[in-house]
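Coordinate-derived values only; no laboratory data. As the structure is a prediction and not an experimental result, all values here were calculated from the model. We place every Cβ from the backbone using ideal geometry, glycine too, and count neighbours over all the protein chains shown.
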């Protein structure tokens, strides 16, 4: 069998990424290139992502990144079999930049265009580095999404829990902003927490005692805001202690909810050892990784984490999802419109807001 090469484009938020992956005649998949251009310098001043600025930044570098990715992969554009692009969920302006670039390549090169769900990229990303068979449990923890989904097989997804308000990465960013720390907040919180007292502040754990897999982080974030308001000054020690207490509380919430998710998974699949993939930007947090690993013996599960570069948004995971679709001839039409909201589980209900669970 000849080699299959897929070019993947990711532009759903504040990172522009282009990757080329290759699959040989067997099952082996290689990442030939995976270039990521961060927009940290664009958004840092604002303490968060500004959609209009993000779209402009994507458009300024997308062509250059495509050329660089192909050159680094040591292939020609004419040797690419298909082009895949994140087509949702995400910021519409950024999605349009990536999708238009992919459609253009598809038209010029006369190769398939494949619209990829960003969440599917995260769900499959671990398979770029680990031989992991279906089914497995996915905990997606990123700046825009936090959910538990059972990955029954390719394109067979069952979401069993989600956040009812903020995503966990969003909670990290907002807490960092209150503490006058830099953006993005996740790495800053982790850094300051190393020297803080994680028992200094007792923070709420919304929904953590409810026997389901749903999560909530806005109450936790609000509690941090209230404590900081009562303090006259945000000094270094307060930053360290609050960062440590906040990170510990997040870990406690995720641990409890993962326990419920394991039970739900086992009720669907009788597997002695439950494989759990933790993906998304927050999965790069070493403190959280260690907390999860401590669960393995007690709960008879095994955790898998993508390498840090594959935790954050990247083109390689989009190319992989594109490869899976290419092999099944699941191509997209050139009139496909990007979807700012696009659940991985097509049957999943939209859950946002207090009281929604009882509705």
For the chain, the longest principal axis of the Cα atoms and the Cα long axis of helix 168-178 enclose an angle in degrees, to the nearest 10, of 60 degrees
On Cα atoms only, tilt of 236-268 relative to the major axis of the chain in degrees:
60 degrees
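Return a whole-number percent for the relative contact order of the range 40-141, with Cα pairs under 8 Å and 6 or more residues apart as the contact set.
In percent, rounded to a whole number, it is 24.
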Spin-label point model (7 Å from Cα, Cβ direction): what's the residue 233 to residue 92 distance in nm?
4.7 nm
Roughly speaking, what is the centre-to-centre gap between the range 252-298 and the range 326-348 when only Cα atoms are used, to the nearest Å?
28 Å
Grab the DSSP H runs of the chain that are 4 residues or longer, score each as -39,500 (n - 2.57), total them, divide by all residues and round the 222 nm result to the nearest 500 deg cm²/dmol.
-13000 deg cm²/dmol
Three principal axis lengths of the chain [C-alpha, angstrom, descending]
61, 49, 39
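Full extension from residue 3 to residue 130: what is 0.36 nm times the residue separation minus their Cα-Cα distance, to one decimal in nm?
On the way: separation 127, 0.36 × 127 = 45.72 nm, distance 2.04 nm.
Value of the extension gain: 43.7 nm.
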Simple SL model, points at 7 angstrom along Cα→Cβ for residue 200 and residue 41; separation in nm is 3.4 nm
For 303, 217, what ranking results if the residue with the fewest other Cβ atoms within 10 Å of its Cβ goes first?
303, 217
How many nm is it between the label spots at residue 330 and residue 307, if each spot is 7 Å from the Cα in line with the beta carbon?
2.7 nm
Compute the separation of the alpha-carbon centres of the range 28-102 and the range 171-231 and state it in Å as a whole number.
31 Å
Please report the antiparallel percentage of the DSSP beta bridges confined to the chain, to the nearest 5.
65 percent
So how tilted is helix 315-327 from the main axis of the chain? Cα-based, degrees 0 to 90, rounded to 10.
50 degrees
